[in-house]
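Taking it in order: structure first as structure tokens, then the write-up.
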């Protein structure tokens, strides 16, 4: 409940500044207010999504989620995985979905 009051206060302060301060643009003030509101809530995350969930996708679901087929992803991973992981190309190619 207190975080709601803080968020409302920030939005009201930004709105007041918008109409009374000619130095800052409306967009900057709105963006600042939105940043405060959006950073105050934790973003839920799915644990082990890439390791457990993605491998269970069939090929059509994989492509619908990632806009690339599984074989193309594997090829790209083999070519770029070492650069992303900072290791040996053979090591990074072991991440197979």
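The values are calculated or read from the model by the stated rules, or taken from the named source; none is laboratory data. All values reported here derive from a predicted model rather than from experimental measurement.
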Considering residues of the stretch 29-55 that are on the phi < 0 side of the Ramachandran plot and part of a loop (DSSP other than H, G, I, E, B) only, the residue modelled with the lowest pLDDT: 40
Verdict on residue 77 being modelled with pLDDT under 90 and under 21 Å from the mean Cα position of the chain (by Cα): yes
